[in-house]
Number of protein chains: 2
Amino acid sequence: MAQLLPARPYVGTRDFYPEDMRLRNWYFNKIRKFAASFCYEEVQGPLLESFDLFAAKSGEELVKEQVYHFYDKGNRHLAIRPEMTPTVARMVAGRLNDLRVPIRWFSIANFMRYERPQKGRLREFYQLNVDILGVEGTRADIEVIDFIISLLNDFGADSSMFRVKISNRRLFNDVINDILKVDTDAMIISKAIDKKAKISPEKYTAWLKESGLSDERIGELDEIMSMGFKELKKILPADSRGAEELSQLFDDAEKLGLSQYLEFDLAVVRGLEYYTGTVFEVYDLSPENKRALFGGGRYDNLIGLFKKEAMTGIGFGMGDVIFQDFLQTHGLIPEGVGAEEKLLVAVFPEVPYAEYLKLSKEWRAVGLRCAVYAGASSRIKKQIQFAEKENYRYLIIMGGDEFANGTVTVKDLQNSEQWLWERKTAVQNLIKK
Amino acid sequence: MAQLLPARPYVGTRDFYPEDMRLRNWYFNKIRKFAASFCYEEVQGPLLESFDLFAAKSGEELVKEQVYHFYDKGNRHLAIRPEMTPTVARMVAGRLNDLRVPIRWFSIANFMRYERPQKGRLREFYQLNVDILGVEGTRADIEVIDFIISLLNDFGADSSMFRVKISNRRLFNDVINDILKVDTDAMIISKAIDKKAKISPEKYTAWLKESGLSDERIGELDEIMSMGFKELKKILPADSRGAEELSQLFDDAEKLGLSQYLEFDLAVVRGLEYYTGTVFEVYDLSPENKRALFGGGRYDNLIGLFKKEAMTGIGFGMGDVIFQDFLQTHGLIPEGVGAEEKLLVAVFPEVPYAEYLKLSKEWRAVGLRCAVYAGASSRIKKQIQFAEKENYRYLIIMGGDEFANGTVTVKDLQNSEQWLWERKTAVQNLIKK
């Protein structure tokens, strides 16, 4: 006999057994309903995209490290999607003439990234993506911030549990080019800042030096990084578009009663190169788990990969692994989520099996969940055991006598009650209970 | 500037724009609800599996033709799942000691196969998979047949639209080995029969001859293929397990009133090698579209790839592309499916933008779908046009005067009516309409 194959899934991927799936369906369906309340429409793209689509945007090397890619038989270089935004941009570009702005889209899809599996990070993950496209200025920015806070509120999370840290790429550029007067590409410096929390102070300083900052400039940058937004604004040029956008955003947030959720943080830069304006990260505030949950920002040029036209957009992606951790950490998952009441029809050899199938149809006809035991054992004890372990609430018993008399016994396994009813009226009797 | 990338998706894959997604969500959610009514639990497996998992079962060569496969950095040979059953078997094997039979599982997932894209067949497709495991005999078989017919009934399909063609692998073996007395592996002959409709009669005959059948035997086989089940049963050995299983299945189906949907057809063999007993195919009866929609069968040995134990199962997979075609062909998709009433808040420059966001929250708070226009134009005509084209039912107008007076105008875009209401009571007024 051939060697047995391992029963575990590929490293960094998950099998979703019924209880896992109930949980995932519960929160994704809640999210779907929430997104619909904001009039976002669900979309979906292909699992595979041209490798160039991702390489064009994030740099080929970075992409090659994280992306599962290969050539098909037609020698097309393909990638399993590692993120959604490029696909959204492609889809918008594909129907540029038919779509009306603002475009409000969301999607929930599976993605692959070659990662070392760790807490909150796997190779296969599901992600909610939310984008609003075609809106200049900050109207879309405040909408997305409001969307995120309201969504987390909808799950019962309050301002003691999370914070939205906000910055702006244009503002960051102004800091580098106009305050520090360094002519290095701000993107290079931002990458060091993005990694600051993960590397040693020495490494951070060395990185900045390599990026062309003198010791003096590094000291100034440190000082600026610790400033509040109002303080920083005073030393920015009066025409700083980034500062203006952030001001507007904070003003609107205050009017909407969202200020307690927001925090200015110049260190929020986001790793992806395509962000151009507002950038934000949602932070878990629980002491044992302090970290960025997810983030997003404004991108102005993505459509430009496909069309000569430009269309601005802002959006975010939220992964299932980290979101589920967040809900669990803060006790936001209700007991017995997604489980509905089920009925099991017990089976006895003295009644033709098809009669049990007929019986189960009677209960399903009114919208109840009902299965026939179907297992080999006709021992009632075994069948009750199965029903209890598989969370069936009721057992429907129709032995030989009951079948002959046109009756059924309905047993409530939760409350240890049972009733002998006419088969004809049993369904209605139970519904009335 | 770099060359523009194509905006179309990878060949054989699809972009799901909002209207496509509404349709898919409608029927998959309906299916989810239906499966729950039969007490099937939703599960999900990983996108990537070990290549061996598929090669072990269907033969490496066949798999290499159809499966997207590659090596990861750890030199693991991986495949993008082309089907679900091996994953289900792996998941069952992984928790063999904790799972209680009968196991009733379903899943809806995306798959990839390297196909020449054609009507009803694409490279990326979604598939419903339904399996019941751990039930010997025919109880699970009749349940799955009932499940399929009831599911199609639930979508409004009746016996004029589809037929379930049934056979049995064991019965087929008995035909080959006991009636024709040919000692060729019945699987080899079944492959010719599986392809009969797609190849010329000459090619078919030549294939059978290569498989070891004489002209005489081929003539006998033709005769047997045209027999009804009762006629065939008479010439089968009395202890034919396949004949017994089929008899039981047809008897149960008759008691359940399903006979008009069923048809015995010895030509139903299914391509996959792992089937061992009952096999079936669902046929579209529309004259312009006569073909197999989907199928399935019983497999007894799949768990054996991973564990020494065996567990029997029966199931089917139904692809979205072909199912959607079926619904469309028979006019079973309701008008405006999945679209819900939406409200759009119009925007005017004389009122602070945040006030419109606040207003939209008031409407969402009662469960309505509401968005703020957010576009650049403040012309009411433009905003009405956007609302109409994007299927918003109501426009909420709060200009400078209304804002000052605490009122809003609600415009019903479908019936060209409008009302001026106190802002405080507007939500309740509309709900009462």
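The values are calculated or read from the model by the stated rules, or taken from the named source; none is laboratory data. Just so we're clear, the structure is a prediction, and the values are computed from it rather than from any experiment. Please note: Cβ atoms are built from the backbone with ideal geometry, for glycine as well, and neighbour counts cover all protein chains shown. Keep in mind that these areas ignore ligands, DNA and RNA; they rest on the heavy atoms of the full protein, side chains included. Shrake-Rupley method; radii C 1.70, N 1.55, O 1.52, S 1.80 Å.
Which residues, taken from segment A:339-398, are open to solvent by less than 20 Å² (accessible area, probe 1.4 Å), within 14 Å of B:PHE38 (Cβ to Cβ) and in a helix (DSSP H, G or I)?
A:TYR356, A:LEU357, A:LEU359, A:SER360, A:TRP363
Of all residues in segment B:266-278 being touching a Lys or Arg at 6+ places or on another chain (Cβ under 6 Å) and assigned to a loop (DSSP other than H, G, I, E, B), which is least open to solvent (accessible area, probe 1.4 Å)? Before you say what the answer is, go through the steps one by one.
Residues of segment B:266-278 that are touching a Lys or Arg at 6+ places or on another chain (Cβ under 6 Å), as a first pass: B:268, B:274-278.
Next cut, assigned to a loop (DSSP other than H, G, I, E, B) only: B:268, B:274.
Numbers: B:VAL268: 5, B:TYR274: 22 Å².
If we take residues in segment B:266-278 being touching a Lys or Arg at 6+ places or on another chain (Cβ under 6 Å) and assigned to a loop (DSSP other than H, G, I, E, B), then B:VAL268 is least open to solvent (accessible area, probe 1.4 Å).
Which of the residues spanning segment A:227-265 are out of contact with any strand residue (DSSP E or B) (no Cβ under 8 Å at 6 or more places or on another chain), among the charged types (D, E, K, R) and open to solvent by less than 30 Å² (accessible area, probe 1.4 Å)?
A:ASP252
Hey, among A:ILE314, A:ILE224, which residue is β-branched (Val, Ile, Thr) and either open to solvent by 20 Å² or more (accessible area, probe 1.4 Å) or assigned to a helix (DSSP H, G or I) (or both)?
Of the residues listed, the single one that is β-branched (Val, Ile, Thr) and either open to solvent by 20 Å² or more (accessible area, probe 1.4 Å) or assigned to a helix (DSSP H, G or I) (or both) is A:ILE224.
Against the conditions (1) open to solvent by less than 60 Å² (accessible area, probe 1.4 Å); (2) within 14 Å of chain B (Cβ to nearest Cβ), where does A:PHE155 fall short? Just the number, please.
So the condition that A:PHE155 fails would be (2).
For segment B:399-426, give me the residue count where each residue is in a helix (DSSP H, G or I) and either in contact with a strand residue (DSSP E or B) (Cβ under 6 Å, 6 or more places away or on another chain) or closer than 16 Å to A:CYS39 by Cβ (or both).
Step one: filter segment B:399-426 for residues in a helix (DSSP H, G or I), giving B:400-405, B:423-426.
Narrowing the set further to residues that are either in contact with a strand residue (DSSP E or B) (Cβ under 6 Å, 6 or more places away or on another chain) or closer than 16 Å to A:CYS39 by Cβ (or both) leaves B:402, B:423, B:426.
Residues that pass the stated criteria total 3.
What is the residue count in segment B:140-170 for residues that are part of a helix (DSSP H, G or I) and at pLDDT 95 or above? Even if it seems obvious, please write down each step before you answer.
Initial filter on segment B:140-170 (part of a helix (DSSP H, G or I)): B:140-154, B:169-170.
Okay, now just the ones that are also at pLDDT 95 or above, so B:140-154.
Number of matching residues: 15.
Considering each residue of segment B:23-43, count those that are charged (D, E, K, R), more than 7 Å from chain A (Cβ to nearest Cβ) and touching a residue at least 60 places away in the same chain (Cβ under 8 Å), and give that number. Spell out the reasoning first.
Step one: filter segment B:23-43 for residues charged (D, E, K, R), giving B:24, B:30, B:32-33, B:41-42.
Checking the rest, the ones that are also more than 7 Å from chain A (Cβ to nearest Cβ) come to B:24, B:30, B:32-33.
Within this subset, residues satisfying the condition of being touching a residue at least 60 places away in the same chain (Cβ under 8 Å) are B:24, B:30, B:32.
Selection size over segment B:23-43: 3.
If the Cβ limit is 6 Å and pairs must be 6+ apart or interchain, which residue in segment A:200-216 that is open to solvent by 60 Å² or more (accessible area, probe 1.4 Å) pairs with which residue that is assigned to a helix (DSSP H, G or I)?
Pairs that qualify, where the first residue is open to solvent by 60 Å² or more (accessible area, probe 1.4 Å) and the partner is assigned to a helix (DSSP H, G or I), are A:TRP207/A:ALA192.
Given (1) open to solvent by less than 10 Å² (accessible area, probe 1.4 Å); (2) at the interface with chain B (Cβ under 8 Å from one of its Cβ atoms), where does A:ILE145 come up short, assuming only one miss?
In the conditions (1) open to solvent by less than 10 Å² (accessible area, probe 1.4 Å); (2) at the interface with chain B (Cβ under 8 Å from one of its Cβ atoms), A:ILE145 misses (2) alone.
In segment B:282-294, what residues are among the acidic types (Asp, Glu) and either open to solvent by less than 20 Å² (accessible area, probe 1.4 Å) or under 22 Å from B:ILE179 (Cα atoms) (or both)? Even if it seems obvious, please write down each step before you answer.
First, pick out the residues of segment B:282-294 that are among the acidic types (Asp, Glu): B:284, B:288.
Result: B:ASP284, single match.
Starting from segment B:6-22, take each residue that is at the interface with another protein chain (Cβ under 7 Å from one of its Cβ atoms) and list its partners that are polar (S, T, N, Q) and not in a helix (DSSP H, G or I), counting only C-beta distances under 6 angstrom and pairs at least six apart or across chains.
Between residues of segment B:6-22 that are at the interface with another protein chain (Cβ under 7 Å from one of its Cβ atoms) and residues that are polar (S, T, N, Q) and not in a helix (DSSP H, G or I), the close pairs are B:PHE16/A:GLN44; B:MET21/A:GLN44.
Filter segment A:117-136 down to the residues that are open to solvent by 10 Å² or more (accessible area, probe 1.4 Å) and touching a residue at least 24 places away in the same chain (Cβ under 8 Å) and list them by number. Before the answer, list the steps.
Within segment A:117-136, the first condition is being open to solvent by 10 Å² or more (accessible area, probe 1.4 Å), and the residues that meet it are A:117-123, A:125-127, A:134, A:136.
Residues satisfying the conditions are A:PRO117, A:LYS119, A:GLY120, A:ARG121, A:LEU122, A:ARG123, A:PHE125, A:TYR126, A:GLN127, A:GLY134, A:GLU136.
So which helices (runs of 4 or more DSSP H) stay within segment B:50-135 end to end and still have 1 or more residues that are more than 7 Å from every other protein chain (Cβ to nearest Cβ), touching a strand residue (DSSP E or B) at 6+ places or on another chain (Cβ under 6 Å) and within 22 Å of A:GLU49 (Cα to Cα)?
Working: elements: B:51-58, B:60-66, B:85-94.
Helices (runs of 4 or more DSSP H) meeting the threshold: B:51-58.
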